[in-house]
Amino acid sequence: MTVTPLPALATVSGNRDHITTAEFARTFCVKAQTVRKNYCLDGHCFDIRPIKVGNRLLWPVAAVSTRLSGEAAR
């Protein structure tokens, strides 16, 4: 079984302030549907609240980075 390494958040986000749900899910090693379900039930996923643009959820890179470093997102 081959394990693919996690992409670095800087590589995933490039120079953007927000990432898509699919990118967010890959960063946290969960399926995109899990992220959407958590958002639907609680209004957040991993204590991170996205912004909604049209019918898409965009997740703030700063909050994701904070969460990945072990701190609580605000």
Dipole magnitude of the chain, debye to nearest 20 (Cβ charges: Lys/Arg +1, Asp/Glu -1, about Cα centre): 220 debye
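In square nanometres, what is the average projected area of the Cα convex hull of the range 23-65?
On the way: hull surface 11.2 nm².
Convex hull of Cα atoms, orientation-averaged projection: 2.8 nm².
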Equivalent ellipsoid semi-axes, the chain, via Cα gyration tensor eigenvalues times 5, rooted, Å: 18, 15, 13
Folded to 0 to 90 degrees: helix 32-42 orientation relative to the chain principal axis, Cα: 30 degrees
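Each reported figure results from applying straightforward, stated rules to the coordinates on display, with no laboratory input. Bear in mind the structure is a predicted one, so any value in this text is a computation, not a measurement. As a convention, Cβ positions derive from the backbone with ideal geometry for all residues, glycine included, and neighbour counts pool all protein chains shown.
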